[in-house]
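A.B. asks: Take a look at the following structure, please.
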Amino acid sequence: MKLTMDREDILPILANMANIADRRPIQPILAHVLIEAAGQHCRFIATDQEVQLSVDKDHPVDTPGTCAVPARKLYDICRALPEHTPLEFHKDGEKLLLKAVKSRFTLHVLPAEQFPYLNIHSSRCQGDCEAALLREALAVTANTMAQNDARIFLNGVLLEVQGQEMRLVATDGHRLSMMTLPFANSLEEESFQCILPRKAVMELLRIVNGGNIHLSLSDTSFVLDDGDQQFACKLIDAKYPDYRRVIPQGHPFSAMLDRQNFKSALQQSEVLVSDRNPTTQVHLGKNLMTLSSRNEEQEEGEIELSIEYQNDEMNIAFNSRYLTDSIQIFSQENIRMRIKDGNSAAVFTPPDSDNPVYILMPVRL
């Protein structure tokens, strides 16, 4: 195998490959990126046997061939080189010779036939959607995934397809986020559900950009294809709980918050929040919100915030970190907060829709 490629063309590809490749692999090959070169085409593949990324690039090849190269080492070498450096790859036996102007590197390679491709099963549901909307929905729900929870279905994001829509849902038992996007699909059943694992969600946030993408969903695997790259992963083998049961209904009171002002007030309040019990108390009065915090040293903070609110006075307390996540989920200038009483969950949405939605359970003092 022999080819020459500009550093700027290959560096973003290798960055994504290094994220996918296993850093502490059970099999040495899982720490490698597979390079396939033939004719006018190159393909780069990395997997840890849970997720897999394949990137295709049109590029002339001097000598066709394949090899598996240590992903992290190759990425670190290319990252350390000057911008727009031409890189020459030349496989010689069990070595890859990498030449870059005045630099020379020799890396040990493994046989391409050892590379363990991820098994992809035939899909039950296929469809197209906008990459930007999918990325936004993943960013919204990634905030509320659980981490290392014994209930494995919480350590990921639910994808639910109904009609010509896809809904993404995530909860850790204390809060829930949800976003719906158009999804032109071929589903013949009433609905379809699958659960993306946490690592897949985080990797998708790195690689999904603009344009349109095609999704193929089965009971065991998820595949995303944007024409230049294909991402595949195993799904969490579990049944997601009925999230609709925890969506509050009939919240009669509503407050309108300026997002930037709310963000500033939360940042001030968090300074004196207890590390062991990070709680922010919220008092709602006529066109006024007061955030109160206290720590173990008996230090206190109280911040007043002008809002639009004309209902009864109310006190409600939240986990401070979860409350702060509400400003990460929304990009609108204003956020609507719907409440019922001090013991019921609060519902955060954009001013004029319920998409996305963030539901936060209160803290009992």
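A.B. asks: If you take just the strands (runs of 3 or more DSSP E) that sit entirely in the stretch 267-365, which of them hold at least 1 residues that are open to solvent by 20 Å² or more (accessible area, probe 1.4 Å) and either in contact with a helix residue (DSSP H, G or I) (Cβ under 6 Å, 6 or more places away or on another chain) or in contact (Cβ under 8 Å) with a residue 24 or more places away in the chain (or both)?
C.D. replies: Result: 279-285, 300-306, 314-319, 334-339.
A.B. asks: Find the residue count for the stretch 1-21, including only residues that are open to solvent by less than 50 Å² (accessible area, probe 1.4 Å) and not in a helix (DSSP H, G or I).
C.D. replies: Qualifying residue count for the region: 5.
A.B. asks: Right, something else. Could you grab the pairs with beta carbons closer than 7 Å, sequence gap of 6+ or different chains, first residue in the stretch 6-25 and in the same structural domain as Thr85 (by the TED database) and among the acidic types (Asp, Glu), second one crowded, with 17+ Cβ neighbours inside 10 Å and not in a helix (DSSP H, G or I)?
C.D. replies: Asp22/Asp48
A.B. asks: How many of the residues in the stretch 184-223 are farther than 20 Å from Asn155 by Cβ and part of a strand (DSSP E or B)?
C.D. replies: Count: 10.
A.B. asks: Go through the stretch 65-82 residue by residue and tally those that are over 25 Å from the mean Cα position of the chain (by Cα) and under 18 Å from Val101 (Cβ atoms). Can you show your working first?
C.D. replies: Step one: of the stretch 65-82, the residues over 25 Å from the mean Cα position of the chain (by Cα) are 65-70, 73-74, 77-78, 80-82.
Add one more test, that the residue is under 18 Å from Val101 (Cβ atoms), and what stays is 74, 77-78, 80-82.
Qualifying residue count for the region: 6.
A.B. asks: What pairs can you find where one residue is in the stretch 212-234 and farther than 14 Å from Ile45 by Cβ, the other is of a type in the set (A, V, I, L, M) and open to solvent by 60 Å² or more (accessible area, probe 1.4 Å), and their Cβ atoms are less than 6 Å apart, with a gap of 6+ or different chains?
C.D. replies: That search, which allows pairs on different chains as well, returns Ser221/Ile120.
A.B. asks: Mind listing whichever residues of the stretch 108-147 are polar (S, T, N, Q), within 22 Å of Gln328 (Cα to Cα) and outside any helix (DSSP H, G or I)?
C.D. replies: Taking the stretch 108-147 as the starting set, the residues that turn out to be polar (S, T, N, Q) are 114, 119, 122-123, 126, 141, 143-144, 147.
Going one step further and asking which of them are within 22 Å of Gln328 (Cα to Cα), we end up with 141, 143-144, 147.
Residues satisfying the conditions are Asn143, Thr144, Gln147.
A.B. asks: Out of all the residues in the stretch 148-164, which are over 15 Å from Tyr243 (Cβ atoms) and outside any loop (DSSP other than H, G, I, E, B)?
C.D. replies: Ile152
A.B. asks: Let me ask something else about it. Please go through the stretch 193-211 and give me each residue that is surrounded by fewer than 20 Cβ atoms within 10 Å (Cβ to Cβ) and hydrophobic (A, V, I, L, M, F, W, C), ordered by number.
C.D. replies: Hits for the stretch 193-211 are Met202, Leu205, Ile207.
A.B. asks: Out of the residues in the stretch 62-100 that are open to solvent by 20 Å² or more (accessible area, probe 1.4 Å) and assigned to a loop (DSSP other than H, G, I, E, B), state the one that is nearest to Ile120 (Cα to Cα).
C.D. replies: Pro64
A.B. asks: Can you tell me which of (1) open to solvent by 70 Å² or more (accessible area, probe 1.4 Å); (2) at pLDDT below 95; (3) under 10 Å from the mean Cα position of the chain (by Cα) is the one Arg151 doesn't meet?
C.D. replies: Only one criterion is unmet by Arg151, namely (3).
A.B. asks: What are the residues in the stretch 190-209 that are touching a residue at least 40 places away in the same chain (Cβ under 8 Å), touching a strand residue (DSSP E or B) at 6+ places or on another chain (Cβ under 8 Å) and farther than 15 Å from Ser54 by Cα, if any?
C.D. replies: Phe192, Gln193, Cys194, Ile195, Leu196, Pro197, Arg198, Lys199, Val201
A.B. asks: I'd like to know if the stretch 175-182 contains one or more residues that are exposed (fewer than 14 other Cβ atoms within 10 Å of the Cβ), on the phi < 0 side of the Ramachandran plot and not in a loop (DSSP other than H, G, I, E, B). Steps first, please.
C.D. replies: Within the stretch 175-182, the first condition is being exposed (fewer than 14 other Cβ atoms within 10 Å of the Cβ), and the residues that meet it are none.
Scanning the stretch 175-182, I find no residue that is exposed (fewer than 14 other Cβ atoms within 10 Å of the Cβ), on the phi < 0 side of the Ramachandran plot and not in a loop (DSSP other than H, G, I, E, B), so the answer is no.
A.B. asks: Regarding Arg104, is this residue free of Cβ contacts under 8 Å to residues at least 24 places away in the same chain, within 20 Å of Pro350 (Cβ to Cβ) and either open to solvent by 10 Å² or more (accessible area, probe 1.4 Å) or in the same structural domain as Ser54 (by the TED database) (or both)?
C.D. replies: no
A.B. asks: Kindly indicate whether Asp172 is over 16 Å from the mean Cα position of the chain (by Cα), under 20 Å from Val246 (Cα atoms), acidic (Asp, Glu) and open to solvent by 10 Å² or more (accessible area, probe 1.4 Å).
C.D. replies: Details: over 16 Å from the mean Cα position of the chain (by Cα): no; under 20 Å from Val246 (Cα atoms): yes; acidic (Asp, Glu): yes; open to solvent by 10 Å² or more (accessible area, probe 1.4 Å): yes.
Judged against the criteria, Asp172 is not a match.
The values are calculated or read from the model by the stated rules, or taken from the named source; none is laboratory data. What you see is a predicted model; the values in this text were computed from it and never measured. Positions of Cβ are backbone-derived with ideal geometry, glycine not excepted, and every protein chain shown enters the neighbour counts. Keep in mind that these areas ignore ligands, DNA and RNA; they rest on the heavy atoms of the full protein, side chains included. Shrake-Rupley method; radii C 1.70, N 1.55, O 1.52, S 1.80 Å.
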